[in-house]
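As structure tokens, the structure follows; a few thoughts come after it.
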Amino acid sequence: MPDWIAFLCFSALLLVPCFWQKRIQSADLSSHIYNAWLANQVHNGKLRGLWISSQSTNVLFDLMLEWLLVRVGADWAQRLAVSFCVLVFGCGAVFFVFRVSGRNWWFAGPTVAMLAYGFIFHMGFFNFYLSLGLCLWYLALSWNRGWRTHLLAALLLIPAWGAHPFPVVWALAISAYATVARRITTERRSWLLLVGLATLVVVRLVLYRQYVCRWYTTQLGQIVGTNQVVLFGYRYLVPFGGLLLLWTVLLRGRIKGAGVKCLISESPFQLLLLQAAAVVVMPGVILFPSFAMPFSYIPERISLFAALIMCAVVAPGLTSRRLRTLQVCVTTAFFGLLYFDNLNLNRAEDRLDSAVSSLPARVRVITRPGSSSLRSLCLYHDLDRACVGHCYSYANYEPSSGQFRIRASPDNGIVLDKSADAEAVADGHYVVQSRDLPLYLIYQCGRDHAGVCSRPLQLGTP
């Protein structure tokens with residue numbers, strides 16, 4: 001089968017989860033579409049106290065949603081924007097693996113599909129996700145090519161920067177390392193690896209010296225990227241274990257075929273070691289002085305880098321019928337679990353929509369996450385989506401964070417302007433003030449907390 005036909009088939013299958021449910025379940029996606037609605041309201045002069053900042057990065061996905069929202073509505077705006085991101089990321093990742101390791105559809109296709117709908121997707125980090133997809137295209141087009149091709153491919157980094165700067169910095173570092181490694185002897189590549197590791201240590205020291213940072217022991221479990229497929233509970237340990245086993249067997253096959261010394265001298269394997277080291281060495285969160293909220297989930301983002309590099313490392317490994325069967329079982333288990341968990345989240349959001357629709361128009365509404373799990377974060381942000389065109393999600397974090405386009409003036413009456421207040425609402429510690437009223441709380445109620453109810457809050461209510 002020609003590659004272009006294979007890519008078309010892969011693309012069609014890759015988009016299925018964007019359309020198989022009533023809504024796309026992804027935590028921050030609800031916040032993105034809500035703020036796209038707010039942005040259009042600001043442009044039309046309908047909201048006072050909110051304004052749109054001028055910034056060059058972390059905006060591309062939001063601009064797409066804002067443009068689509070007024071043309072096709074909220075539902076299709078999300079589906080089209082997310083589908084575009086999935087295609088850019090998924091096809092870019094497969095192309096990257098093929099350029100580095102050679103054509104291997106049976107492995108690259110299913111594995112990339114799982115990573116495409118993994119943790120970063122379900123957290124809703126779509127500016128980061130889109131930027132990474134564009135950077136993968138840049139790396140694939142420029143891998144082992146001359147400087148002219150590098151310059152042409154680098155044009156993709158312009159929109160990538162508009163989406164998010166982190167993947168752009170990563171891609172430039174990867175490209176620089178691979179270029180230097182290609183131009184030196186294999187004996188000297190071990191020294192290049194040491195330089196790379198030393199650079200990570202220096203970056204860590206600089207970050208901790210200049211900014212407020214925090215490191216977590218959980219980062220140790222994310223070094224190879226299989227954590228990307230662990231989403232809604234312990235059941236996802238099945239695809240996690242299967243993917244880890246698959247990668248281990250393939251890596252062992254590569255070691256037996258090429259030898260440890262030869263594998264270590266290859267730039268993809270060295271890049272894998274550097275990604276794993278970065279997951280461990282880099283801080284988990286960084287508070288930059290220009291933002292009110294920290295840049296977080298850094299190890300989880302780097303672990304996606306590591307997973308993609310791991311795919312490039314093990315893809316040339318020896319294949320067998322058993323490994324193909326394992327791959328099919330792992331992929332089926334992952335997407336099977338994902339379908340039913342998304343179904344349950346959509347049913348919960350139906351109840352949330354019903355509770356919100358019963359409230360008066362244009363009122364302020366808040367809710368609280370039940371826990372820090374991904375499921376609770378999805379339901380917590382679903383209030384944002386439920387409020388599109390109807391109410392104001394008063395504790396939405398984007399305007400007060402300083403990281404996004406929408407900004408809030410003090411006492412605007414639409415959204416909390418201080419990040420500390422938005423965090424207090426999420427933690428359940430916020431005390432209602434006179435400026436907040438009228439304010440409604442959406443909360444889980446009924447037997448086993450299966451229902452969703454609403455009630456007005458009073459002055460001084462914690």
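Computed from the coordinates by the stated procedures, all read-outs in this text should not be read as laboratory data. Nothing here was measured: the structure is a model prediction, and the numbers come from that model. For neighbour counting, all protein chains shown are included, and Cβ atoms are generated from backbone atoms with ideal geometry for every residue, glycine included.
Tabulated data
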item	result
Fewest-first ranking of ASP421, ASP75, ASP384, using other Cβ atoms within 10 Å as the exposure measure	ASP75, ASP421, ASP384
For the range 12-169, average projected area of the Cα convex hull in nm²	10.4
Pairwise label distance in nanometres, TYR339 with LEU152, each label 7 Å out on the Cα-Cβ vector	4.2
Potential extension, ARG347-LYS256 segment - 0.36 nm per residue separation minus Cα distance	27.8 nm
Distance between the range 200-225 and the range 228-265 - C-alpha centres, whole angstrom	24
Most to least packed among 298-304, 422-428 [average Cβ atoms within 10 Å]	298-304, 422-428
Cα-derived Rg to Rh of the range 323-453, Kirkwood definition	1.08
Full-stretch length increase - GLN210, ALA6 - with 0.36 nm per residue and alpha-carbon distance subtracted	68.6 nm
Three-way shape call for the range 222-276 based on the alpha-carbon gyration tensor, with the a/c threshold at 1.5	oblate
At R0 = 45 Å, FRET efficiency that the Cβ-Cβ distance of LEU63 and ARG324 yields, to 0.05	0.60
Cα centre as origin, Lys/Arg/Asp/Glu Cβ charges: the range 60-207 dipole, Debye	640
Where labels lie 7 Å past Cα in the beta-carbon direction, separation of TRP51 and GLN458 in nm	3.9
Using a Förster distance of 56 Å, the FRET efficiency for SER357-THR185 (Cβ separation, nearest 0.05)	0.25
Highest-first arrangement of 135-143, 237-245, where packing means the average Cβ count within 10 Å	135-143, 237-245
Fewest-first sequence of PHE269, PHE295 by Cβ atoms within 10 Å of each Cβ	PHE295, PHE269
Sequence of ASP436, ASP3 once ranked by neighbouring C-beta atoms within 10 Å, starting from the fewest	ASP3, ASP436
Given charges at Cβ of Lys, Arg, Asp, Glu: the chain dipole, positive-most of ALA173, VAL313, TYR339	VAL313
Cysteines, the chain, no other Cys beta-carbon under 4.7 Å	CYS9, CYS18, CYS85, CYS91, CYS135, CYS213, CYS262, CYS311, CYS329, CYS378
Angstrom value of the Kirkwood radius, inverse mean 1/r, which spans all Cα pairs in the range 99-189	14.4
Contact order normalised by residue count of the range 344-456, Cα under 8 Å, 6+ apart, percent	30
20 Å-binned pair-distance histogram of the chain (Cα, whole percent)	24, 55, 20, 1
Furthest towards positive pole of dipole, VAL100, ILE24, THR226, structure part the chain, Cβ charges	VAL100
Rg/Rh for the range 95-142, where both radii come from Cα atoms and Rh is the Kirkwood radius	1.01
Among LEU205, GLN270, PHE288 - extreme Cα towards positive end, dipole of the range 164-296, charges at beta-carbon	GLN270
Sequence ranges 450-459, 399-408, 154-163, ranked by mean other-Cβ count within 10 angstrom, highest first	399-408, 154-163, 450-459
Within straight-line cross-link reach of LYS418, lysines at Cα separation under 29 Å, skipping those fewer than 8 residues along the same chain	LYS46
Total charge dipole magnitude, the chain, about the Cα centre, Cβ charges on Lys, Arg, Asp, Glu only, Debye to nearest 20	1240
